[in-house]
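What follows is a set of notes on a single structure, which appears directly below.
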């Protein structure tokens, strides 16, 4: 059964790739069916995965002690359910969204391939299998970001995403070498069983190397710059890969390697801090965006910061829960935004939207519910998970991280409602000409795109209810086999209770909302919206519009020097110095040849003199030295 | 082993050296290829004489055998060399070796 | 049977030249048939007995001794015959298609001569025979370049002189080895002498190493290579970069580790330094090269540097690290597969668009999706995508290096993997992506036969990537078989 779950999407991808030209529009149905079947197959394993140690299938082994297998335990199960479940819904949505595209079968082939790669990542029972999945999802992401490869911006974004992801792959690879060399195995169970034998520096090295992988894949500071650009891909891709699943692989990995983090408090500090910084940095950048997808991209970065912050400090259940709820509400936000973009024939700039609430009420409700959930409004899913993460910081004794978390929650409310007010309220500012995604004439009924969004709404509202009841909640009991005995360090006793903490967060959220309302939602602000927005766009500090100049920094520190060295080597060192030395050698041979050539003057008698002189030398030598006996 | 020669070995060698030097002088000073060939023949024979003398002196027939070999090779060499001289003369109408320098580097 | 693998292609090569002028297509199919037969025969000769005939007894004993075994030789010969078959199938160089140039049968003849002489290098079990084939395999490549005229003719001389210089030193070292030990047989007693070490063997090893470093090539002896790979007709570039460049590394394994391990160990630091320099140097230059075939050439320099490092990884106990070696052999085969695929695809592009400059290319993916697919897979294998063969090799090599205690080295040589991603994507995207360009000739997509030429390479890349076991395992055993030296004290993971 595990095989079926794992290989169905691969089969779908291969069939779609080979038969693509014949299938054309029907490709979407095939692709969705492969992922959907995989989802239902996963449901049959629900009970078996929940028991310790889960479902396990050996795959075979390489030389040198690499043994491979598949494994499904509660943690993998949650990811698989999201990948195939939310993934399946996004596939269905894409049938409508991508209708009319020239290469729709290729699109679904890539999507199915992505699902397969992601399943490889989460189902592997060892680090190398994980690494393979890790690389393959990067590849799928590259293909899908660059799906419209005639557009130079998409091509550049795809390359950037892939290269930064390879940085992460390399970090993770190094971690694999470290762990394998010191424990002799790549299987999770073996490695974790021997964690206590590892010297602290080795453990810290491994943790840092793993986290480099996580940071690149999950867009953590300072390796986050590819994520906003990644939205050059079609919107369903953004929803599936760059919001719901792939970018959360880092969260999965940290949670999966919980035993490593539990043994190294330094690594915990590092990961928790970076998560919090990313959450805040992403949220602040979200304020300055005009592209609806970029707002969502920075919010994704910020929310993953929360997750990493949660699993980093040891609040694994909270972090994973935030992944779970985020998958719903963020996918829904992207898909709802996609409805708007689709209806506006590719327009993505919120300054050119306005008043959409009346024109497309369904998209509006989708956005609104998603926004309420992401802001952490009570009774929506995001409330339960985000509060759990933030409160977890306090439990673990990181008051500063707690403050950052609360501040981020407030900013989140501000930029999400800013976007909502600008795009969906006020006067209609839509224009006729567009520069965004290619528009397609569609003959697919509207419900194909609306039903997936409607189903996601259920999750967006209700996914958090699983966590009601604290340590005895369904969620905690389900994940218990994975995080049994491993829990928060609980070094600092919390000064405030759970409820008080929630109230504090809520106050921050209300403040954020209030500010957004005053600046963008109040009737006074709505009346002269275009002028206000223009002024805001002009006065926006460059540090925000350029993403803190991190891109420029990376460019100046790594890309430029590498190119300069390559130029120096290829254009100067190679042809001039090294090859010059070789040419000098051959030139020297020529000079020697020219000199000796003078001796060959063609006069027989001159040659004879030379011979006689030579003989004379021999004779003289033996005359003086005597003949050896 | 006692040499059985009635004439001292050194006389043979001295004569051989003298003939050889005459040959060398001939090759170096004359420009007519025919004369040069004759001088070369002199050198061959000087060497032959030395070999025969040593063979006689040391009672070792290898020297005599080699002298025969030298005579045959010398004959062949003379034949080939004369042929070359003839062809060269036909082509260049010239028998001065200093004028024939087409192999100059 | 093994001798036939050498002789039949060479004879067939000459026979093809005798074909009448109008039988050009026949020549090509004969070529493909011979290469495929050679592949099948080689595959069937797994672990076949060695064959030997007397040759010299003085001043040292040498024999026409050939063997395939079941290790490095076996896999490289399989790779060679496969790549040759694909190269022949992929089509002839432009000069054969154009009127006036040498005919297609000349191309086929060169290819078959190359096949025979290179099989000779990899099955030779006698150093003198090895040296003989070593020089012989230069000739067809030289002729192929001369035949394409223009700048390539100059490059051809460069290639020849550089490599003959190496071959000469190799011959000297071989002779010295024979005189010192009394025999040039690889399986024979030579190793026992060599194990003693001494100044003579230091010089002899130096001679071999010089030739191997030129052939691989390794920085700073590499300057013949970018021009050669760029100017060679693509089918030849595929075979040369895929297999001929491995002759040096093969030499280090069989002659270096097999006969002179002590000298190998003494040279380790120097060789690792050269390998690491090549690794970075090639990667950085590949990042900025303007010519697509030169990008691949420099990437080759980079990857072969990595393999060189892997061959010189010694555990603290002094034994070579077996995992690194297995990785090296896997990577040798993997690099052969992906560089051949790359050159074949780039050859198709060059032939269609009549340029090799990245700046002039672009947007081919829209019109030629199959070509794009081929280039994509080849490029991905080159940048070490997990699941393809290159990754398996890299993983094993770096594991071995880390395990042998060189953790910093392992960390350092991970960096070029990132650069590799950057330059391969640059190549791939500059050629295939972006808007369609109107200033390029619009040519049809890959034909069925051209696709068929790529398919075996791609399949092999996937199979080897999923399970490198057969190649890697064989190499461990083979390190004992061709040379008669067991790499004792195998360092097994706890």
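The values are calculated or read from the model by the stated rules, or taken from the named source; none is laboratory data. Owing to the predicted nature of the structure, the values given are computational and were not obtained by experimental measurement. Reconstructed Cβ throughout: ideal geometry from the backbone, glycine too, with neighbour counts over all protein chains shown.
Filtering the range A:255-270 to residues that are buried (at least 24 other Cβ atoms within 10 Å of the Cβ) and either in a loop (DSSP other than H, G, I, E, B) or at pLDDT 90 or above (or both) leaves only A:257.
Here's the yes/no breakdown for (1) modelled with pLDDT under 90; (2) closer than 30 Å to residue C:88 by Cβ; (3) under 21 Å from the mean Cα position of the chain (by Cα):
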site	(1), (2), (3)
C:243	no, yes, yes
C:248	no, yes, yes
C:262	yes, no, no
C:276	no, no, yes
C:282	no, yes, yes
C:286	no, yes, yes
C:297	no, yes, yes
C:302	no, yes, yes
C:324	yes, no, yes
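Residues that are surrounded by fewer than 23 Cβ atoms within 10 Å (Cβ to Cβ), assigned to a helix (DSSP H, G or I), in contact with a helix residue (DSSP H, G or I) (Cβ under 9 Å, 6 or more places away or on another chain) and modelled with pLDDT of 90 or more are absent from the range A:214-223 altogether.
For the range A:62-105, the set of residues classified as without any contact (Cβ under 8 Å) to a residue 24 or more places away in the chain and assigned to a helix (DSSP H, G or I) consists of A:63, A:64, listed by residue number. Filtered by the rule that a residue be more than 8 Å from every other protein chain (Cβ to nearest Cβ) and within 24 Å of residue C:301 (Cα to Cα), the range A:582-594 gives A:583, A:584, A:585. Considering the range A:595-609, the residues that are more than 7 Å from chain B (Cβ to nearest Cβ) and surrounded by 14 or more Cβ atoms within 10 Å (Cβ to Cβ) include one that is farthest from residue B:98 (Cα to Cα), namely A:607. For the range A:162-177, state whether one or more residues are more than 27 Å from residue A:59 (Cβ to Cβ), more than 8 Å from every other protein chain (Cβ to nearest Cβ) and at pLDDT 90 or above. The answer is yes, given that some residue of the range A:162-177 is more than 27 Å from residue A:59 (Cβ to Cβ), more than 8 Å from every other protein chain (Cβ to nearest Cβ) and at pLDDT 90 or above.
Here residue A:565 passes the criteria (1) free of Cβ contacts under 8 Å to residues at least 60 places away in the same chain; (2) away from chain C (no Cβ under 13 Å); (3) surrounded by 13 or more Cβ atoms within 10 Å (Cβ to Cβ); (4) closer than 22 Å to residue A:159 by Cα except the one numbered (2). From the list C:301, C:311, C:306, C:279, the lone residue that is within 11 Å of chain A (Cβ to nearest Cβ) and touching a helix residue (DSSP H, G or I) at 6+ places or on another chain (Cβ under 7 Å) is C:301.
Flag set for residue A:543, criterion: surrounded by 12 or more Cβ atoms within 10 Å (Cβ to Cβ), under 30 Å from residue A:284 (Cβ atoms) and away from every other protein chain (no Cβ under 14 Å). Of all residues in the range A:12-26, count the ones that are under 21 Å from residue A:139 (Cα atoms) and buried (at least 16 other Cβ atoms within 10 Å of the Cβ). Selection size over the range A:12-26: 6.
Restricting attention to the range B:22-35 and to residues that are under 15 Å from residue B:89 (Cα atoms) and within 11 Å of chain A (Cβ to nearest Cβ), the residue that is surrounded by the fewest Cβ atoms within 10 Å (Cβ to Cβ) turns out to be B:31.
Residues of the range A:139-158 that are under 14 Å from the mean Cα position of the chain (by Cα), within 9 Å of chain C (Cβ to nearest Cβ) and buried (at least 24 other Cβ atoms within 10 Å of the Cβ): A:142, A:158. Is at least one residue of the range C:366-379 on the phi > 0 side of the Ramachandran plot, facing another protein chain (nearest Cβ under 8 Å), in contact with a helix residue (DSSP H, G or I) (Cβ under 9 Å, 6 or more places away or on another chain) and modelled with pLDDT under 90? Within the range C:366-379, none of the residues are on the phi > 0 side of the Ramachandran plot, facing another protein chain (nearest Cβ under 8 Å), in contact with a helix residue (DSSP H, G or I) (Cβ under 9 Å, 6 or more places away or on another chain) and modelled with pLDDT under 90.
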